[in-house]
1. For Arg243, what residues show an amide H to amide H distance below 5 Å, using hydrogens built from the backbone and excluding near sequence neighbours?
2. Highest GNM mean-square fluctuation, the chain, Cα pairs closer than 10 Å: which of Cys115, Cys58, Cys270?
3. How large is ³J(HN,Hα) for each residue in segment 295-307, as worked out from phi by the Karplus curve 6.51 cos²θ - 1.76 cosθ + 1.60 (θ = phi - 60°), to whole Hz, x for Gly and Pro?
4. Karplus couplings for segment 65-72 from phi (6.51 cos²θ - 1.76 cosθ + 1.60, θ = phi - 60°), rounded to Hz, Gly and Pro as x?
5. Under 5 Å between amide hydrogens, which residues at least 5 positions from Ile92 or on another chain qualify, with H placed 1.01 Å from N in the peptide plane?
6. For the chain, what does the relative contact order come out to in percent, with C-alpha contacts under 8 Å and a separation of six or more?
7. For helix 337-346, report the angle its Cα long axis makes with the longest principal axis of the Cα atoms of the chain; keep it between 0 and 90° and round to the nearest 10°.
8. Straight-line reach from Lys121: which aspartates and glutamates fall under 15 Å, measuring Cα to Cα and dropping same-chain residues less than 8 apart?
Amino acid sequence: MADARSAPESLPPAFLEFLQENGLDPMMYSMVDTIPRYIRLKPGMEPHIPEIQSELKCHLNKVSWLPDFYAIPPQVQIASSMAYQQGKIYGIDAASGAAVLALDVQPGEHVLDLCAAPGAKLCMLADMLGGRGSLTGVDVAKHRLAACRTMLQKYSLGDRCRLFVADGTSFSILPVNSSLGNGEGSTCHKDNGSTLSEWTSKRSWKDRQKSKKARMAGSPHLTSTSEPELIYYGKHSGLVGLRKCDALRPSADDEAQTSGYDKVLVDAECTHDGSIKHIQKFEFWGWKTLDRRVLDAERTDDLLHLQLCLLTNGFKLLKTGGSLVYSTCSLTVAQNENVVQQFLCKHSSAELQKIDSADSWPCRSGSIFKTLRFDPATSQTSGLFVAKFTKLQI
């Protein structure tokens, strides 16, 4: 059991009680100034390392177990650097990078990131595709997904991507079926549905009016019955020339088994208690905000339901033989092993997979065999839980 008496003085009693109830050591939050900041170097930028080091005024320490990742001192800020502004580097924790690497994405595959914001993992997935296949990013928050779009464009990685504002628990659009481009299998009526031309950031008058009406109506929250909103698609995403009604076509029952995604990432919304730098921000935001976002019992119950629903829907969209990674930056058993156990009990076609590349990772096993846990003390990273599933033929 965690010893609240040894905790950093800044943590409020209610949060210490949360940690104690979940068997978490509050002392990990005193490590915030000792955990490195991690950056990922865009592939092909290795010759620029000396100038990046000169600009950041620090050495880039290569992370031996994670390709293209480097550790820098935690106090170094990268946002104002030319290397960041020119798209040579971006910040992403090494544990998050490991979750992406666990998917073992291969060039030419169709990949889904069901909780895509804020976008660093999406960029890494796009890099791994190597200019082939497709990448679909989904997020319920439009402003956060717009930030993903900005990142993809900044790093020149959006060519094969499409982004949908949608509820990840009900999103049902599969990878683009090339036959739809020829009109075969189309669900559109003859005169229904405009054709998608090459994407532009300039919005039509009709779209501007639609947004204006939404603002005047108070911008109601997206619901599970809302139609997904396509806010970006690359030139080679498969959507150019497709009718919009086909691009938004929901999948039929069991269609995903043969036409679904090869790989799915579900980095689910959570209490973020494993992200020690995130928790540190509440000192500035106010601890009452922490009470509302992390400690509220009703919200936590809602989160557990959301996590299971995201995992369930992500798995539904996976093709037979494909792989799904479920991760959270919480260290609680309730949001990780318990969700995995509930999911496995309800889905006989789901099987946990060993993450082969993890043999060299600085992490420990979760309480369920084949699951992994990163934490500040063991890994010198933020906390992260990772579980990998495959879909069996039933």
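The values are calculated or read from the model by the stated rules, or taken from the named source; none is laboratory data. Remember, predicted model here, so these are calculated numbers, not experimental data. Note: ideal-geometry Cβ built from the backbone for every residue, glycine included; neighbour counts use all protein chains shown. When the accessible area is computed, the model is the full protein with side chains, heavy atoms only, and any ligands, DNA or RNA have been set aside. Shrake-Rupley method; radii C 1.70, N 1.55, O 1.52, S 1.80 Å.
1. Amide H neighbours of Arg243: Leu196.
2. Looking only at Cys115, Cys58, Cys270, the biggest GNM fluctuation is shown by Cys58.
3. 8, 5, 4, 5, 5, 4, 4, 5, 4, 4, 5, 4, 4
4. Once θ is set to phi - 60°, the couplings for segment 65-72 become 9, 9, x, 6, 9, 9, 9, 10 Hz.
5. Amide H neighbours of Ile92: Tyr38, Ile39, Arg40.
6. Rounded, it is 16 percent for the chain.
7. Tilt of helix 337-346: around 40 degrees.
8. Output for Lys121: Asp68, Asp93, Asp104, Asp113, Asp139, Asp267, Glu269.
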